[in-house]
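Take a look at the structure set out below.
Derivation of every value follows stated rules applied to the coordinates shown; laboratory data play no part. Just so we're clear, the structure is a prediction, and the values are computed from it rather than from any experiment. When we count neighbours, we look across all protein chains shown, and the Cβ atoms used for this are built from the backbone with ideal geometry, even at glycine.
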Amino acid sequence: MRCRTPGVRTLLGALALLAGVPVQAQETPGPYFERASRSRAKGQESAPLFVYEFADFQCPHCARFALEVFPRIDSAFVRTGKVHWVFVNLPLPNHENAWAAHEAAACAGAVADRFWPMHDRLFAAQNEWIALTDVTALFARLAADAGIPAQPFAACVTGDRVATLLLRDVIFAASSRVNGTPAFIVNNEQTVMGLKSYDEWRDLLDKLLKARGR
């Protein structure tokens, strides 16, 4: 199960998003980019396995993975030093509030190193914001609940400080031929498409670790 971009390649979605982002947000990456990029990674960089997760905060299948499956992967493989996990932003063009949600999570990482607490709250509250006309107040409340200072967070969001990171992630997804969410690339070798159970992930990761003598 996964969310797909209907009839449009992901790269075209990236270009459409690019057209709506102010020119200043497309400049050379700065400190917001660097901090947001670091914050969305989990686990030891020296871990034997490396996983890219391509996800959309408005995708219901991504929400199920985030709330039901990933906490167990995190406990068994990420926190134990076996897997380095990186979240890749893929707000699909047919999800109207997805870009704002990804911007909120990335800004949480950029200003307070709180990407993952915001990530969890956005997915847990998904049904509260997917149909809203204006998500600003709700996302501000979720950020406050996650311990993120209000003023720097608001300045990051309104100033499009993390737009470059999001755009680069979308283009990375397109170059990796990922056109739906959730999707995963393990060690730049194996692609996993769609929502899988924890048992399926455990079997896959254990097999790869065994192949590496771990």
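Give the residue list of trypsin sites (Lys or Arg not before Pro) in the range 37-90 that are DSSP loop and have at most 14 other beta-carbon atoms within 10 angstrom.
ARG79
DSSP loop GluC sites (Glu not before Pro) in the range 107-214 with at most 11 other Cβ atoms within 10 Å of their Cβ, which ones?
The qualifying sites are GLU189.
I'd like the Karplus ³J(HN,Hα) series for the range 64-79: coefficients 6.51, -1.76, 1.60, θ = phi - 60°, whole numbers in Hz, and an x wherever there's a Gly or Pro.
4, 4, 5, 8, 10, 9, 4, x, 6, 5, 4, 5, 8, 10, 7, 5
Determine, for ILE171, ILE73, the number of other Cβ atoms within 10 Å of each Cβ, and report the residues in order from fewest to most.
So the residues, fewest neighbours to most, are ILE171, ILE73.
So for the range 85-214, taking the charge dipole from beta-carbon charges (+1 Lys/Arg, -1 Asp/Glu), which of TRP201, LEU132, ALA173 sits furthest toward the positive end?
Of TRP201, LEU132, ALA173, it is TRP201.
Can you compute the helix-only [θ] at 222 nm over the chain? Use -39500 (n - 2.57) per DSSP H run of at least 4 residues, normalise by all residues, nearest 500 deg cm²/dmol.
The helix-only estimate for the chain comes to -14000 deg cm²/dmol at 222 nm.
For the range 130-206, run through the trypsin sites (Lys or Arg not before Pro) and keep only the ones in DSSP coil with at most 12 other Cβ atoms within 10 Å of their Cβ.
Filter output for the range 130-206: ARG177.
Around LEU49, under 9 Å between beta carbons, what's the net of Lys plus Arg minus Asp minus Glu among the other residues?
It works out to a net charge of +3.
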